[in-house]
Amino acid sequence: MDRTNQNELDKLRRIVLEQDNSAKLLIRRDLELTRANEKLRELDQAKSNFISIVAHQLRTPLSGVKWTLNMVLSDNFGSLTTEQKSFLMKCYESNERMIMLINDMLGADRIDSDKLKYNFVPTQIFDLMDNVLFELTALVKKNKLRVNFINKERTLPRVLMDNEKMRAAVQNLLENAIKYTPEGGEVSIDFQVLDEFLRVSITDTGIGIPDEDQKNIFNRFFRAKNAIKVETDGSGLGLYIAKGIIEKHGGKIWFESKVGKGSIFYFTIPISP
Ligand code: ADP
């Protein structure tokens, strides 16, 4: 073998050795990543268990407080002065907010851990939205808003949905539109058939979402500064939950918004075949 061939052979051996080392390194890295993944899964499970235990433990005493306040406020233990009632009403509302926050935490955790079982049934989503709006009447009145369905008389195709889960998603979206719209504003709901999907849009003339915050809006616990200013309470979990639920239905959610002008939240949901 001449010198050139010998050099080539040495070079080839070095390359093979390097490749061998790289392959070993990759296998080791792969193993490390698998272990790290397992560890993360275990930690995630531990976090889920923790949230679930704490939330359930907190719910019981909070329900007790709610029940007792209800009795006192209904004059079951003698009549109260207007001032006493108004103070107790504040306690009642704070307690309600804590219950709602805990429910949101549980809801978000269930979405994360894929624990929710879905039961898709052909349903008229208009009825669900009308029903949720009815429950929000007090909030609408408080904010002196006009809320209306566009083309109410139109017959809509039924969609494939899990009624209970979709109710939570729709409630979060409608509640936001109402919460973040100043007095005298308007919220309107419309539907449009787009191929095999029904698109629902909820338009408000509210505070809007600042451009720099728009990318974070579906993140857990995120709240834009202008929203915190008008509504101090809020978990920043509603949209995260709504997105998880809508995507589980095979739909999409997105929005368009301008600060000081308003927002439109859209979502799609498959039409029942
Ligand atoms: P929360 O309402 O409890 O803060 P959400 O997850 O429902 O939490 O919403 C996250 C954030 O998205 C809100 O804090 C607010 O900044 C913004 N947002 C959502 N809906 C609207 C809306 N219709 N108008 C203006 N801002 C909105």
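The values are calculated or read from the model by the stated rules, or taken from the named source; none is laboratory data. Since the model is a prediction, treat every value here as computed from it, not as a measurement. Quick reminder, even Gly has a Cβ in these numbers, built from the backbone with ideal geometry, and neighbours come from all protein chains shown. Ligands, DNA and RNA are stripped out before the accessible areas are found, and what is left, the full protein with its side chains, is counted by its heavy atoms. Shrake-Rupley method; radii C 1.70, N 1.55, O 1.52, S 1.80 Å.
Looking for something of a type in the set (Ser, Thr, Tyr), assigned to a loop (DSSP other than H, G, I, E, B) and open to solvent by less than 50 Å² (accessible area, probe 1.4 Å) - is there at least one such residue anywhere in the stretch 227-235?
Checking the stretch 227-235: at least one residue is of a type in the set (Ser, Thr, Tyr), assigned to a loop (DSSP other than H, G, I, E, B) and open to solvent by less than 50 Å² (accessible area, probe 1.4 Å).
Out of the residues in the stretch 209-230 that are within 18 Å of LYS261 (Cβ to Cβ) and touching a residue at least 24 places away in the same chain (Cβ under 8 Å), which is nearest to the ligand (Cβ to nearest atom)?
Here the residue is ALA227.
Condition check: within 24 Å of VAL121 (Cα to Cα) and in contact with a Gly (Cβ under 8 Å, 6 or more places away or on another chain). Does ALA168 satisfy that?
Yes.
Can PHE265 be described as open to solvent by less than 40 Å² (accessible area, probe 1.4 Å), aromatic (Phe, Trp, Tyr), near the ligand (Cβ under 9 Å from one of its atoms) and assigned to a strand (DSSP E or B)?
yes
Scan the stretch 128-145 and give yes if some residue there is open to solvent by 20 Å² or more (accessible area, probe 1.4 Å) and farther than 28 Å from ASP233 by Cβ, otherwise no.
no
Out of THR68, THR4, I need the residue that is in a helix (DSSP H, G or I) and exposed (fewer than 10 other Cβ atoms within 10 Å of the Cβ). Which one?
Answer to the check: THR4.
Scan the stretch 199-217 for residues that are in contact with an Asp or Glu (Cβ under 8 Å, 6 or more places away or on another chain) and in a helix (DSSP H, G or I) and report the count.
Of the residues in that region, 0 qualify.
Quick one: is THR34 loosely packed, with under 10 Cβ neighbours inside 10 Å, assigned by TED's automatic domain parsing to the domain that holds ASP104, among the polar types (S, T, N, Q) and assigned to a helix (DSSP H, G or I)?
So THR34 does not fit the description; no.
When you look at GLY234, is it under 13 Å from the mean Cα position of the chain (by Cα) and within 12 Å of the ligand (Cβ to nearest atom), yes or no?
The answer is yes for GLY234.
Would you confirm whether or not the stretch 199-206 contains a residue that is more than 8 Å from the ligand (Cβ to nearest atom) and more than 18 Å from THR181 (Cβ to Cβ)?
Yes, the stretch 199-206 contains at least one residue that is more than 8 Å from the ligand (Cβ to nearest atom) and more than 18 Å from THR181 (Cβ to Cβ).
Looking at (1) open to solvent by 20 Å² or more (accessible area, probe 1.4 Å); (2) part of a helix (DSSP H, G or I); (3) at pLDDT 95 or above, which is the one condition that is false for ILE246?
(1)
Report yes if SER22 is farther than 30 Å from THR232 by Cα and at pLDDT 90 or above, otherwise no.
Yes; evaluated as a whole, the condition is true for this residue.
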